[in-house]
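Remarks on the structure that follows.
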Amino acid sequence: MLPFRPPPVSDPTLILELKTRRPPSLEGRAGCESWSVDFSPDGDWFAWSMGHGIVWPLELQTTHTCVFLILFLNVISTFAGRDSQNAETDREDKSFSCGHPVWGLAFGPRPPKSAAWARPAKTRPQGNNSLLLATGLENGVIKIWNVLTGNAVFDLRGHEGVVRDLVFPQNGTLTLISSSRDKTLRIWDLAQKGKKVQVLSGHKDWISCCSVSSDCSMIASMACLWSLRSYTFMRNLTGGTRKTLYLQSSCDFSPDGALLATTAFSGSSWWIDLWDPYTAEKLCTEHLVLRSSCTCFWKGLIADGCVCLCRALRIWEPGKKGMAMQTKVDRETNGLCCKYHPRGGVVATGTRDGHVQFWRVPTTVPSLRHLCRSVLRHAVSTHQMEPLPLPKRILEYLTYRNIPDRLKTCCSSSDDDEWEG
C-alpha cells in the first residue's frame, strides 16, 4: 500500500513524501531501493520504482504552470494528514508488477493533445491512449507498459545484465536507448516492437547511465560520447588529472546540449564535473564529501541549474557564486536518483528505502543573454562558435568558459565537519 505523508514542518522546501508500506522483515533489506524516478514529457504523469519489482505511475493534474502541480501535491498531503487511512483505501491501485527488481524507467513520448483529450478521463476517446513507460529489470529484460491502460505491451530482450538506465530522445520518436551492466548500449525502435536494434559496445566496465543531447545528435554513457545519427563512437571524456573513473553514477546534458554534467568516484572521493561535449574539455570540477551522488539539469523556461543529490539536495547555476538551494542534511536518507519536472519548480528524488520526495525548488526569470545563448548553442557547436569574430568575454560566455574551474558550492567546510561527525 502507498500512504501519503505530509512534509515535516522542519523543512519547508519538502512538498510531499510518499512512503511504501512493507512487512517489517523487508524494511532496509536489498531490493527495496527506488533506483529511478521520471516525469512524462508533458509533466502530467510521474512514476518511480518502489522496490521489489513494483513501479507506481501517478497522474498529476497539472496545467501550464508548475504552480498547480505544487498546489495539487499540497492538497494531497493535507488530505493525507487529516485521514491517511482513507487516502490509502480510496485510491485505486495502478501499480505495475514487473517480477524482478526495477533499476531504470523512462516515459515515452506522448501524442499531441487534442480538445477531446483534454476532457475528463471517462469521456476521453479510446484511440489515443498510448503513453508508454519502459522499465529496465535486473534480469536484463525491458518491459514496455501502456500507462493509460495498465497493460504490458511487449518485452525487449538482448541485454545479458542489469538494465541500469533508459532514455527516450526529445524528438518525439519511439526510439529507446538502454544501458546495462553487460557493458553495452542498445538502441531500440519501439515502432517495430524492438526488432530493429543497434548495439554500441566498447565499454570496459558496467554502464550505469546514459543521456541524449537536446538536438538528438549525441549519446553520453559513462565517460564516452556516441553519435545517435551514425551509431558510432565519437570521443572519450578523460581531461584533468584524474585519468581513471572507477565508477560513474550519472550524467545529463544541459537543455541547450552545450554542457554535460557527470558524477564519478575516483580514488576515495566523489566528483562532479562539467564538460564541453564537443571538445571533451573539462570546464569545472567539484569534490563532494558523500557516499553517492546523481546529477540532472532542469528543463524549462528558467535558467539552467544542476542538481547534486546525496544526503541533501543541492542546486546551483553554473557560472554563479553560491548555491541556489540546499536542503538540510538528513543522515537517515540516502538519495539515489532525482528528476526535474519538465516545467521546473519541482524536483522528485528517490531514496534507498524506496520512498519518493517532492521538493519545491527556486525558479528564476532567465536573462535575455541567457535565452540568446540557449537558442544559439542549441544549433551551433563549440567548433562552430570559436572561429566567430566575437569579443573574448562574449565568446567565453557563449562557450561556458566563464564558469570557475572549481565550484565552491557543494559541501562547505562546515558541511564536511558535520558529515565526518
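Structure notes:
- Gyration tensor (alpha-carbon) shape descriptor, segment 142-191, a/c threshold 1.5: oblate
- Trypsin sites (Lys or Arg not before Pro) within segment 149-185, DSSP loop, no more than 13 other Cβ atoms inside 10 Å: Arg157
- Modelled FRET efficiency - R0 41 Å, Thr279 with Trp206, Cβ distances, 0.05 increments: 0.95
- Within the accessible area of segment 153-233 (1.4 Å probe), percent carbon and sulfur: 45 percent
- Residues Asn334 and Lys193, FRET efficiency given R0 of 35 Å [Cβ-Cβ distance, rounded to 0.05]: 0.40
- Distances between every pair of Cα atoms in segment 342-382, grouped in 5 Å steps from 0 to the bin holding the largest one, split as 5, 16, 15, 15, 15, 12, 11, 8, 2 percent.
- Segment 328-407 - Debye-derived log10 I(q)/I(0), Cα point model, q = 0.13, 0.20 Å⁻¹: -0.66, -0.96
- For the cross-link pairs Lys94/Lys339; Lys195/Lys339; Lys143/Lys204; Lys143/Lys195, the ones whose C-alpha atoms lie over 24 Å apart are Lys195/Lys339; Lys143/Lys204.
- Label point distance in nm, Arg401-Leu376, each placed 7 Å from Cα along Cα→Cβ: 1.3 nm
The values are calculated or read from the model by the stated rules, or taken from the named source; none is laboratory data. On a predicted model such as this, the values are computed, not experimentally measured, just so you know. No Cβ is skipped: glycine too gets one built from the backbone with ideal geometry, and neighbour counts run over all protein chains shown. Surface accessibility is based on the protein's heavy atoms, side chains included, excluding ligands, DNA and RNA. Shrake-Rupley method; radii C 1.70, N 1.55, O 1.52, S 1.80 Å.
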